[in-house]
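Input: a single structure, listed below in structure tokens.
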Amino acid sequence: MTTEAPTPDPVAQLERVTRRTKEVASGVTQAQAPDATPCSQWSVLDLFNHLIGGLEFTAGCITGDVPDIRPNEAESSYQGETDVAVLIRAYHAAVDRALELAANPGALEQTATTPFGEMPVARIMTGTVLDQLVHCWDLARATGQDTTLDGEMVEFAHGMLVSGGFADMGRQAGFIGPEVAISEDASLQDRMIGYMGRQP
């Protein structure tokens, strides 16, 4: 007799991933605001906007009031803000709001209209988990911080990105670069980062 693995809870996953991202975000200094990131077209400020905007977009999908934010761009309601301290607080607030809304009964069973078509909110949440995880690494790398990610979340994300179609969808849309070849004996985190078009 075999037992199916329990379905991951995207709310718990988002809380887990953003806990680490909050730590990294809080370690960014004002002097690093214009610095380049592994997302070649984005500065540290841009990356903050993307992280915040993704959470604002997710919250809007839950409430039925989707903001005019393209979740694959460096867009948020804080565009134009250059004070890193303000952006750090905004990121924390966006995390808390998304988690609070997603925890409401029935929130994940809804369907939302997105730039990619009609999608279940649960799948949007999973996409946000993956996005926040990878960009946590980007922000840490860009600002000289520890890039170590939660090992269990890396294992989940690697499976979803490679087998779950999330990375392929992103590549087809043009916002994930070509896979970077990584040694087979590299860590799973490094292989995931390489798969997402980054050099670990």
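The values are calculated or read from the model by the stated rules, or taken from the named source; none is laboratory data. Since this is a predicted model, take the numbers as computed values, not measurements. Here Cβ is always computed from backbone atoms with ideal geometry, including for glycine, and neighbour counts include all displayed protein chains.
Annotations for the structure displayed:
- Selection over segment 148-162 of residues that are surrounded by 17 or more Cβ atoms within 10 Å (Cβ to Cβ) and either of a type in the set (S, T, N, Q) or not in a helix (DSSP H, G or I) (or both) gives a count of 2.
- Of all residues assigned to segment 105-121, none qualifies as being small (Gly, Ala, Ser) and under 16 Å from the mean Cα position of the chain (by Cα).
- For TYR78, the requirement of being within 23 Å of THR63 (Cα to Cα), modelled with pLDDT of 95 or more, in contact with a Lys or Arg (Cβ under 9 Å, 6 or more places away or on another chain) and not basic (Lys, Arg) is not met.
- Taking segment 82-109 as the range and being acidic (Asp, Glu) and either surrounded by 17 or more Cβ atoms within 10 Å (Cβ to Cβ) or over 16 Å from SER26 (Cα atoms) (or both) as the test, the residues that pass are GLU100, GLU109.
- Taking segment 8-114 and the helices (runs of 4 or more DSSP H) fully enclosed by it, the elements with 3 or more residues that are without any contact (Cβ under 8 Å) to a residue 24 or more places away in the chain and under 21 Å from LEU133 (Cβ atoms) are at 10-26, 84-102.
- Residue tally, condition assigned to a helix (DSSP H, G or I) and without any contact (Cβ under 8 Å) to a residue 12 or more places away in the chain, over segment 115-147: 1
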